[in-house]
Amino acid sequence: INAEYGGQNQNKGLLTNIQMSTILELTQGHQIESFVISAKNVKTPTALVGIVSQVLSAPNVFVFGELLAMENIKQLKNSAEKAYYELLEIFAYGTYADYKARENELPTLTKPQTRKLKQLSITTLAAKNRVIPYDLLLKNLDIPNVRELEDLVIDCIYQGLLEGKLDQQRSQLEVDMSIGRDIKPEEFSKIQATLEAWYQQSGGLLDTIKQKIDWAKESQDRQKTHKADFEKKIESIKANLKAIIEQDIMMDSSGHFEGAEYYDHRPHNKGRKGLKSKVKGNAPKDRRGRNM
């Protein structure tokens, strides 16, 4: 699904999902930064709650890690407004199902906040599954009908939260890509361990590739040497053959004579006897090499 846009010259084009995702990241970064700046000098829990509520309602903000990392925001955990901090954590790391499980303990969501949390829940499922059945989405998002579900998914695609398509015949969402969500602080050690293991495996793979390259080079050098030796042998054989041929020619030319007479004993045309012929060149020879 592509989104249509217009420029100042009123020319229209199509934004790909990748372009949409890039624009979304830039927009999110700008908007969350403005909220972080606003929260820096705020000290009272009530004022901080106001900022948290604004962030949760902002239409283009889907990451909240920078806000959660602020010391004054963390202080909400130890105040009477800790429920708002826990709600912010659910938007950062959790799903709509997590909220429903604690609905009585947490602040009531506005309509925009509810829609955003459901969108975030779709991206969480999309990160784990390439194909998501409608039934699973309907259950996790607490949506009463397919039409409302499809509208929500289409809105996610338009906003660049995921790439994919709806298969209405099979009643499923087919996912190509989805945005990443905030990472819990305790998960960083696992990610670091995974990256270190990947680094070690990559190092081993590079060593193996280097060994294969060295072996291929050595094999090529051996083939070149073998080819050069073979060509030398061919040239040597050619030289020997040439010498033998030249020697044979010299031996044959030793019987050369000019103006010699010999009697031709070979049979001639009917009625003729052997004739003496005077020729230039090599006279016929017997088996011992003597002139006949």
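The values are calculated or read from the model by the stated rules, or taken from the named source; none is laboratory data. Every value quoted in this text rests on a predicted model; they were computed, and no experiment measured them. Just so you know, the surface numbers come from the protein's heavy atoms only, side chains and all, with ligands and any DNA or RNA stripped out. Shrake-Rupley method; radii C 1.70, N 1.55, O 1.52, S 1.80 Å.
Worth a mention:
- To put it simply, the accessible area of region 35-115 at a 1.4 Å probe is 50 percent carbon and sulfur.
- Rg then Dmax, both in Å and based on the Cα atoms of region 152-233: 26.2, 79.
- Contact order, relative form, for region 51-121: 37 percent (alpha carbon pairs under 8 Å, 6 or more residues apart, mean separation divided by residue count).
- Where region 114-171 is the region considered: accessible area per residue in Å², 1.4 Å probe: 51 Å²
- Split the accessible area of region 187-236 by element, probe 1.4 Å, and carbon with sulfur accounts for 59%.
- Per residue, the accessible area of region 46-96 comes to 40 Å², computed with a 1.4 Å probe over protein heavy atoms only.
- Surface accessible to a 1.4 Å probe, MET251 within the full protein complex, Å²: 120 Å²
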